[in-house]
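S.K.: Quick one: the structure is below, questions incoming.
The values are calculated or read from the model by the stated rules, or taken from the named source; none is laboratory data. All figures in this text were calculated on a predicted structure; none of them were measured in a lab. Reconstructed Cβ throughout: ideal geometry from the backbone, glycine too, with neighbour counts over all protein chains shown.
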Amino acid sequence: MLLIKSYIGVGAFFVSVTEFSDATPFRREVVGLERCLHGARLRESSDVTGIPESEFLDLSSSINPLKIDLGEALRDACSSIDCYPDPDYVDFSSAAADFVGVSPENIIPGNGSTELIRLFAETVISHGDPVLIPTPTFGEYESQSRLMGARIVRWDFDQVLAITEDELSGFKAVFLCNPNNPTGSLLEASEVRDLLERCARAGTILFVDEAFVDLSDPGCSVVQDVLEYEWLFVLRSLTKAFGVAGLRVGFGVAHERVASLMNRARLTWNLNIVGERVGRWLLENGRVFLEDSRVFIKRERDWFSVQLANIHGFKPIPSKANFILVEIARFPLGPGELSEKLLEKGIMIRDCTSFGLPSHIRVAVRSRDENLSFIHSVEEVVMEWGRKMGEEALKNAIEEGDVEKSRVACEYYPCHFEGQDCTFCFCPFYPCEDLRTGGEYIERASGSKVWSCMRCDLPHRPEVAKKLLGEFLKGTDRKTAWKRVMEPLL
């Protein structure tokens, strides 16, 4: 059996891809499966940058920014570490059922959302089954469905609610994330129910991922509809809601007959005793914490969205979740390069290329200080980029010796005045920090400052650009060129 390893670059990281020859005992679906990419790559980020894991500001993983005191619950759970957990998870199922308003017989305990998505795929999907997945959305739906041999059909997320009963009849299952990851859009419960009714008539199972609904609007949940519909499966996550990503605790909710099948199929003891006990405690005692969290997240999300919109080239997409999708097509750096630059500063964001959004990033809503830290770091990256571009513009101008650079193709021309000289698109002295030029530090709503050249047109005056180019062609350094050409103008 031939084994070949290759590496695919993903942002600041490389993902190992193992290829096998045709003579392999492994299932074709496994051999051809690509690993689903996620945020929260703390270990890899630390290895790449040398920054300790504990010092990163992680905006790549969208979990509750508030912390709940688990001291007593953890101590209690750990006191039983020498015992096997109850394989039926009776107490956990009862707490989960009370939390969402169903019966314990409707609950399927899970080791986090991903295991439950796998369990759903194992229980429902057979080789060749067509499965509908709206895009963009969470990548595990496709990954786990492909593992079972499903035939994936992608639809634009905004068009899924318009799908007809006849069209639905051709699918084994439909996946729906509400609120949707990574867009943050939230459908009303009535909209999801309309789709559910069509799915039921068409004989298609609707999988609704409500991992973020407790941090958004629980009123948009359709979880109690499982009492009536066998064609519905709802996913809930304690990881996101309570910010306990390391515990890996969640649960599925389905009609009693469906839940019975899935509980038979799930792994025995799939929840360890610490996850089971702490998860139960959270479900029984966490309602007020979640109410406070929703108020906090809405306030910070509204503030953060305004600050993001104030960054040139950032276009935040309206969100109802605890994260914000940002289009950065007009930003100087792409998602991959911006992610790398911020990683060097100890900040992790989500490059959304793997979602099929090559011009977007996703950032989690954190505390005010943490959100400010992100904004300031982006502004630092822009300043550093400006300096680099100034150096490159100077180098190119010297190499070309061209004073009348073409302006026809520039979408920003004229950025200062008609007929300006664009030999130096970026000022070679940026940021000069000399108020006499007309430049100034401008204060953003966030309270940070960035050097602005909008009121300075000196390097774009044809006679000035010509003198500057002449100096640089002679090998004059920037400090001397400033003294000879710019100082007399000030």
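S.K.: If Arg201 satisfies all but one of (1) in a strand (DSSP E or B); (2) over 30 Å from the mean Cα position of the chain (by Cα), what's the number of the condition it fails?
M.R.: Going through (1) in a strand (DSSP E or B); (2) over 30 Å from the mean Cα position of the chain (by Cα) one by one, Arg201 breaks only (1).
S.K.: Moving to a separate point now. If Asn64 satisfies every condition in (1) part of a loop (DSSP other than H, G, I, E, B); (2) assigned by TED's automatic domain parsing to the domain that holds Glu276 but one, which is the exception?
M.R.: (2)
S.K.: Could you say which residue among Val131, Val90 is surrounded by 20 or more Cβ atoms within 10 Å (Cβ to Cβ) and on the phi < 0 side of the Ramachandran plot?
M.R.: After ruling out the rest, the residue left standing is Val131.
S.K.: Within region 81-102, how many residues are closer than 21 Å to Val222 by Cβ and of a type in the set (Phe, Trp, Tyr)? Explain how you work it out, then say what you get.
M.R.: First pass over region 81-102, keeping only residues closer than 21 Å to Val222 by Cβ: 93, 95-102.
With of a type in the set (Phe, Trp, Tyr) added as a condition, the list becomes 99.
Counting residues in region 81-102 that are closer than 21 Å to Val222 by Cβ and of a type in the set (Phe, Trp, Tyr) gives 1.
S.K.: Go through the residues of region 352-367 one by one and say whether even a single one is among the basic types (Lys, Arg), outside the structural domain of Phe157 (by TED's automatic domain parsing) and within 22 Å of Trp451 (Cα to Cα). Talk me through it step by step, then tell me what you get.
M.R.: First, pick out the residues of region 352-367 that are among the basic types (Lys, Arg): 362, 366.
Within this subset, residues satisfying the condition of being outside the structural domain of Phe157 (by TED's automatic domain parsing) are 362, 366.
In the following step, the residues that additionally are within 22 Å of Trp451 (Cα to Cα) were identified as none.
No.
S.K.: Another one. If you check every pair at least six apart or on different chains, which have Cβ atoms under 8 Å apart with a residue in region 75-87 that is closer than 23 Å to Asn263 by Cα first and a residue that is exposed (fewer than 13 other Cβ atoms within 10 Å of the Cβ) second?
M.R.: Pro87/Thr268
S.K.: When you check Phe175 against the structure, is it buried (at least 19 other Cβ atoms within 10 Å of the Cβ), in a loop (DSSP other than H, G, I, E, B), hydrophobic (A, V, I, L, M, F, W, C) and in contact (Cβ under 8 Å) with a residue 24 or more places away in the chain, yes or no?
M.R.: Values: buried (at least 19 other Cβ atoms within 10 Å of the Cβ): yes; in a loop (DSSP other than H, G, I, E, B): no; hydrophobic (A, V, I, L, M, F, W, C): yes; in contact (Cβ under 8 Å) with a residue 24 or more places away in the chain: yes.
Here the answer is no, as Phe175 does not meet what is asked.
S.K.: Sticking with this one: Is it the case, given these coordinates, that Ala97 is without any contact (Cβ under 8 Å) to a residue 12 or more places away in the chain, among the hydrophobic types (A, V, I, L, M, F, W, C) and either in the same structural domain as Asp209 (by TED's automatic domain parsing) or assigned to a helix (DSSP H, G or I) (or both)? Give the derivation first.
M.R.: Numbers: without any contact (Cβ under 8 Å) to a residue 12 or more places away in the chain: yes; among the hydrophobic types (A, V, I, L, M, F, W, C): yes; either in the same structural domain as Asp209 (by TED's automatic domain parsing) or assigned to a helix (DSSP H, G or I) (or both): yes.
Yes: the conditions hold for Ala97.
S.K.: Only residues that are touching a Leu at 6+ places or on another chain (Cβ under 6 Å) and in a helix (DSSP H, G or I): list them for region 263-277, please.
M.R.: Narrowing region 263-277 to residues touching a Leu at 6+ places or on another chain (Cβ under 6 Å): 266, 275.
The one that is touching a Leu at 6+ places or on another chain (Cβ under 6 Å) and in a helix (DSSP H, G or I): Gly275.
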